[in-house]
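Comments concern the structure below.
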Amino acid sequence: MSERTIEFRYAVEQDVPLILAFIRELADYEKMLDQVVATEDTLLEWLFVKEKAEVIIGEYNGEAVGFALYFHNFSTFLGRAGIYLEDLYVQPTVRGKGFGKAFLKRLAEIAVERGCGRLEWWCLDWNQQSIDFYLAMGAEPMEDWTVYRIAGDTLVDLAR
């Protein structure tokens with residue numbers, strides 16, 4: 001492997017502790033560590049038993065240095081699936097080597113291979129470094145759309 005090459009592989013069940021560690025590192029960076037309630041058991045169930053999302057692991061010089069967790073969504077207007085990138089994380093020690101771009105390139109390849117119509121994600125408004133990175137890659141921010149969420153007790157109450 002060359003000095004600046006990252007290699008990708010699909011995660012397997014044995015990667016669950018690594019995935020959870022990456023999730024916690026990302027949450028810490030986003031100042032949201034207190035919100036992480038995922039466990040190895042829940043990740044195992046939802047990623048590998050129920051197969052509701054997929055993970056690719058990026059390795060550099062034989063060491064895991066990042067991950068991308070994604071799943072399929074669907075566009076009624078396009079009439080086809082897309083890929084929604086839930087999380088992309090590259091460890092700080094290897095940032096600046098083009099690995100973030102390599103992750104997005106790999107996800108774009110997966111989307112094209114699967115006939116998907118788009119690749120999309122959210123970005124925190126305060127994360128200007130990531131926003132600049134995404135814009136430089138040609139990503140377009142969605143205008144006239146606001147994200148809404150129902151979760152926790154509100155979700156349970158609505159379901160009743």
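The values are calculated or read from the model by the stated rules, or taken from the named source; none is laboratory data. Remember, predicted model here, so these are calculated numbers, not experimental data. Here the Cβ is made from the backbone with ideal geometry for all residues, glycine too, and neighbour counts use every protein chain on show.
Within this structure, LYS97 passes the test of being touching a residue at least 60 places away in the same chain (Cβ under 8 Å), surrounded by 10 or more Cβ atoms within 10 Å (Cβ to Cβ) and under 28 Å from ALA11 (Cβ atoms).
Please enumerate the residues belonging to the range 100-117 that are more than 17 Å from TYR60 (Cβ to Cβ) and either under 13 Å from the mean Cα position of the chain (by Cα) or surrounded by fewer than 14 Cβ atoms within 10 Å (Cβ to Cβ) (or both). Within the range 100-117, LEU107, ALA108, GLU109, VAL112, GLU113, ARG114, GLY115 qualify. Considered as a group, the residues in the range 120-156 that are acidic (Asp, Glu) and more than 20 Å from GLY100 (Cβ to Cβ) include one that is surrounded by the most Cβ atoms within 10 Å (Cβ to Cβ), and that residue is ASP153. Taken together, the residues in the range 116-142 that are over 24 Å from HIS72 (Cβ atoms) and part of a loop (DSSP other than H, G, I, E, B) amount to 3. Report whether or not VAL90 is in contact with a Ser or Thr (Cβ under 9 Å, 6 or more places away or on another chain), among the β-branched types (Val, Ile, Thr) and modelled with pLDDT of 95 or more. No, not satisfied.
Of all residues in the range 63-110, those satisfying the criterion of being closer than 23 Å to VAL36 by Cα and among the hydroxyl-bearing types (Ser, Thr, Tyr) are TYR70, TYR84, TYR89, THR93. Just wondering, is there one or more residues in the range 59-68 that are modelled with pLDDT of 95 or more, under 20 Å from GLU13 (Cα atoms) and of a type in the set (Val, Ile, Thr)? Looking through the range 59-68, at least one residue is modelled with pLDDT of 95 or more, under 20 Å from GLU13 (Cα atoms) and of a type in the set (Val, Ile, Thr). Among the residues making up the range 23-34, those that are within 19 Å of LEU85 (Cβ to Cβ) and not basic (Lys, Arg) are ILE23, GLU25, LEU26, ALA27, TYR29, GLU30, MET32.
Scanning the range 76-84 finds no residues that are in contact (Cβ under 8 Å) with a residue 60 or more places away in the chain, surrounded by 13 or more Cβ atoms within 10 Å (Cβ to Cβ) and within 20 Å of TYR134 (Cα to Cα).
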